[in-house]
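Below is one structure, written out as structure tokens; comments come after it.
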Amino acid sequence: MSEYRFKPIGIVEVGFPRPNDPERGRYGSRYEFVGVIRVYDEYTDGLLGLGEYSHVILIYVLHEAREVSLRVRLKGFDREVGVFATRHPTRPNPIGLSVLELVKLDPPRLWLRGLDAWTGTPVLDIKPYDYYDVVKRPRVPREFEEEWLRSYVEKGYGVHAPWMGPC
């Protein structure tokens, strides 16, 4: 089995408040929050043309995740599911992935709506979100759909992140 090493290309400079941070209460959801990523100087040339896209895919390290669990019980689910059927952080390889609205690009910084990574999180890659990344009407578990519909209303996803959801 091969092992791989990755060198971060940047860092989360202004991240979503941590669960116990009083600032977190200011946001009904992460989609009301605009975070800032700073790309390291040696990689800023790679940002050329990214501003032509409305959304990006951010790949980052869940650098504070210590536990690995192959089964988890999620909010809204009355059963255990495998970690690969979730976005839970207790993964064998602690890699996070988010699709985010690109609010502003002023190299070396990107302002991203919906960023759910914490300040200090290492960034591994940034990719444009385009037509190849759209799946119309994906199949999801009933519990996920129920939680999504609840969050859509309670957390204001329809207002703060109208691009999300089934199409």
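Structure summary
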{"read-out": "Dipole of segment 1-129, positive direction: furthest Cα of Tyr40, Pro128, Thr86, with charges on the beta-carbon", "value": "Thr86"}
{"read-out": "Selection of GluC sites (Glu not before Pro), segment 66-144, meeting DSSP coil and at most 16 other Cβ within 10 Å", "value": "Glu67"}
{"read-out": "17 Å cut-off, amide nitrogen to a point 7 angstrom out along Arg73 Cα→Cβ, residues in segment 115-150", "value": "143-144"}
{"read-out": "The chain: relative contact order as a whole-number percent, Cα under 8 Å and 6+ apart", "value": "33"}
{"read-out": "Translational D in µm²/s for segment 1-130 (Stokes-Einstein at 25 °C, 0.890 mPa s, Kirkwood Rh from C-alpha pairs)", "value": "155"}
{"read-out": "Surface per residue (accessible, 1.4 Å probe) for segment 1-143, Å²", "value": "68"}
{"read-out": "Structure-based [θ]222 nm, the chain - -39500 (n - 2.57) summed over DSSP H runs of at least 4, per residue, nearest 500", "value": "-3000 deg cm²/dmol"}
{"read-out": "Stokes-Einstein D (µm²/s) once Rh is taken as the Kirkwood radius of segment 115-167 over alpha-carbon pairs, at 25 °C in 0.890 mPa s", "value": "180"}
{"read-out": "Sites matching chymotrypsin sites (Phe, Trp or Tyr not before Pro) across segment 63-167 that sit in DSSP coil, with at most 14 neighbouring C-beta atoms within 10 Å", "value": "Trp163"}
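The values are calculated or read from the model by the stated rules, or taken from the named source; none is laboratory data. Small disclaimer: the values here were computed from a predicted structure and weren't measured. Note: ideal-geometry Cβ built from the backbone for every residue, glycine included; neighbour counts use all protein chains shown. Keep in mind that these areas ignore ligands, DNA and RNA; they rest on the heavy atoms of the full protein, side chains included. Shrake-Rupley method; radii C 1.70, N 1.55, O 1.52, S 1.80 Å.
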